[in-house]
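The structure under discussion appears below in the form of structure tokens.
The values are calculated or read from the model by the stated rules, or taken from the named source; none is laboratory data. Nothing here was measured: the structure is a model prediction, and the numbers come from that model. With ideal geometry, Cβ positions are generated from the backbone for all residues, glycine too; neighbour counts draw on all protein chains shown.
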Amino acid sequence: MKALMFAALFISFSAAFAQTNEPSNKTSAAVAPIKVKPPKTICRSEDTTGSMFPTRTCHSREEWTAIDAANAANAERLRNSRGTAGRN
């Protein structure tokens with residue numbers, strides 16, 4: 001009788017230890033999602049016409065690159081148009 005109880009106890013403990021929550025294969029483990037950081041904002045002080053206080057404007061690096069390129073294109077367009085006014 002003791003042998004039968006020992007065998008039943010042994011089987012129940014071995015079945016309990018066989019069922020673990022960890023995956024058997026390391027490659028099948030769930031991969032944590034990649035956290036994407038928002039772009040870093042860069043703030044600049046800009047002088048506003050008619051005000052004694054500068055305004056602070058914040059944009060991402062890509063936006064500042066586009067703004068600077070547009071400003072450079074406008075300045076170049078103005079430089080080119082000044083010399084031709086009034087000439088025939």
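Suppose the filter is over 41 Å from the mean Cα position of the chain (by Cα), among the small types (Gly, Ala, Ser) and at pLDDT 55 or above; does residue 60 pass it? No; evaluated as a whole, the condition is false for this residue.
Residue pairs whose Cβ atoms lie under 8 Å apart, separated by 6 or more positions or on different chains, with the first residue in segment 49-71 and among the acidic types (Asp, Glu) and the second in a loop (DSSP other than H, G, I, E, B), are 62/39. Considering only residues in segment 74-88 that are exposed (fewer than 10 other Cβ atoms within 10 Å of the Cβ) and aliphatic (A, V, I, L, M), the one that is modelled with the lowest pLDDT turns out to be 85.
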